[in-house]
């Protein structure tokens, strides 16, 4: 089978198309032939070495396709089923791959394979952040939030989901086109961080109060500004490093800026039931059209290096997939 492999950490050029043997499933494995593969920023962290991986390594944690083979102990799915997954290990940048049966999600007829590959990891991330990573007192209709990178794959889902919850959303993005995308997706206010002072605009919109929570996947470039957007006792949720890791934080800064909180969560599905609840909620949002998933960019698997270049240069919007 064809796969994208890296033999050492580095830039996009380390992503090389190779031929590797088709794996046989172990007792609890499922082999999935991919229809589409999700592209996520975490893939670039694993490639660059920010999140080091054992070599050689096939990147990618998300995909959707059809079951081609199952292990002897697998009962969750059968050959021919349409499935998607977010895997705990790499291996998705390939025609097909093995996935533990426990990580497989059987698709309902209402969800297309391409949409599943584009939506599962990003959608579960938004569910986890909006419903399970909250400030003191929780989030309620009418509360104001700040969401950076509002026109990205996670951001566009978040704009729609937050609007469905009745939240007032301040989305930040770079450039008029991306700001317009965030606005169409549901942001009440958009701030172009290329041309505007984000903190000043947030304080203007909130009449000087700041917000209860900031969701920040950008990292280094926005971290300090995110803290300054918060109201006293507010929460900064740092969940990505698109511009590089955030700077070291002197804890006394949190006191000086208003007894603030900072968390760095990861997508956490600690039980099968918990995970099933999150998936069901995401699929319900998509099926009811409260969230519309748009695949804005499609690259052939062999073009993975270019996809990484465009993602890191912030040339992409919304969801991106690779196709075998």
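The values are calculated or read from the model by the stated rules, or taken from the named source; none is laboratory data. What you are looking at is a predicted structure, and each value in this text was computed from that prediction instead of being measured. Positions of Cβ are generated from backbone atoms using ideal geometry, with glycine treated the same way; all protein chains shown enter the neighbour counts.
Working carefully through the options 71, 63, find the one that is touching a helix residue (DSSP H, G or I) at 6+ places or on another chain (Cβ under 9 Å), under 26 Å from residue 113 (Cβ atoms) and crowded, with 21+ Cβ neighbours inside 10 Å.
Of the residues listed, the single one that is touching a helix residue (DSSP H, G or I) at 6+ places or on another chain (Cβ under 9 Å), under 26 Å from residue 113 (Cβ atoms) and crowded, with 21+ Cβ neighbours inside 10 Å is 63.
Check residue 29 against each of (1) out of contact with any strand residue (DSSP E or B) (no Cβ under 7 Å at 6 or more places or on another chain); (2) under 23 Å from residue 274 (Cα atoms); (3) modelled with pLDDT of 95 or more and name the one condition it does not meet.
Condition not satisfied by residue 29: (1).
Being farther than 22 Å from residue 262 by Cβ, modelled with pLDDT under 95 and under 18 Å from the mean Cα position of the chain (by Cα) is true for just one of 153, 244. Which residue is that?
153
Answer yes or no: is there a residue in region 38-58 that is at pLDDT 95 or above, surrounded by 19 or more Cβ atoms within 10 Å (Cβ to Cβ) and farther than 18 Å from residue 305 by Cα.
No.
I'd like to know if region 115-129 contains one or more residues that are surrounded by fewer than 20 Cβ atoms within 10 Å (Cβ to Cβ) and in contact with a strand residue (DSSP E or B) (Cβ under 6 Å, 6 or more places away or on another chain).
Taking every residue of region 115-129 in turn, none turns out to be surrounded by fewer than 20 Cβ atoms within 10 Å (Cβ to Cβ) and in contact with a strand residue (DSSP E or B) (Cβ under 6 Å, 6 or more places away or on another chain).
Table: residues versus (1) within 24 Å of residue 132 (Cα to Cα); (2) outside the structural domain of residue 169 (by TED's automatic domain parsing); (3) touching a strand residue (DSSP E or B) at 6+ places or on another chain (Cβ under 8 Å); (4) modelled with pLDDT of 95 or more.
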| site | (1), (2), (3), (4) |
| --- | --- |
| 184 | no, no, no, yes |
| 187 | yes, no, yes, yes |
| 190 | no, no, yes, yes |
| 197 | no, no, no, yes |
| 208 | no, no, no, yes |
| 216 | yes, no, yes, yes |
| 225 | yes, no, no, yes |
| 230 | yes, no, yes, yes |
| 235 | yes, no, yes, yes |
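Mind checking which residues of region 62-75 are over 14 Å from residue 33 (Cα atoms) and either in contact (Cβ under 8 Å) with a residue 40 or more places away in the chain or outside the structural domain of residue 39 (by TED's automatic domain parsing) (or both)?
Passing the criteria: 71, 72, 73, 74.
Would you confirm, using the coordinates I've provided, whether residue 157 is more than 30 Å from residue 234 (Cβ to Cβ) and part of a helix (DSSP H, G or I)?
The answer is no for residue 157.
Using the structure shown, decide if residue 313 is under 21 Å from residue 173 (Cβ atoms), at pLDDT below 95, more than 16 Å from the chain's Cα centre (by Cα) and surrounded by fewer than 16 Cβ atoms within 10 Å (Cβ to Cβ).
Taking the combined requirement at face value, the residue satisfies it.
Restricting attention to region 291-300, which residues are part of a loop (DSSP other than H, G, I, E, B) and over 18 Å from the mean Cα position of the chain (by Cα)?
Hits for region 291-300: nothing passes.
Looking at region 80-150, what strands (runs of 3 or more DSSP E) fall wholly within it and have at least 3 residues that are assigned by TED's automatic domain parsing to the domain that holds residue 194?
Numbers: elements: 82-86, 96-100, 104-106, 144-147.
Per the criteria, 144-147.
Please tell me if residue 142 is more than 17 Å from residue 298 (Cα to Cα), free of Cβ contacts under 8 Å to residues at least 24 places away in the same chain and surrounded by fewer than 21 Cβ atoms within 10 Å (Cβ to Cβ).
So residue 142 fails the test.
Looking at (1) under 25 Å from residue 66 (Cβ atoms); (2) modelled with pLDDT of 95 or more, which is the only condition residue 108 fails?
(2)
Among the residues of region 275-299, which ones are in contact (Cβ under 8 Å) with a residue 24 or more places away in the chain and out of contact with any helix residue (DSSP H, G or I) (no Cβ under 9 Å at 6 or more places or on another chain)?
287
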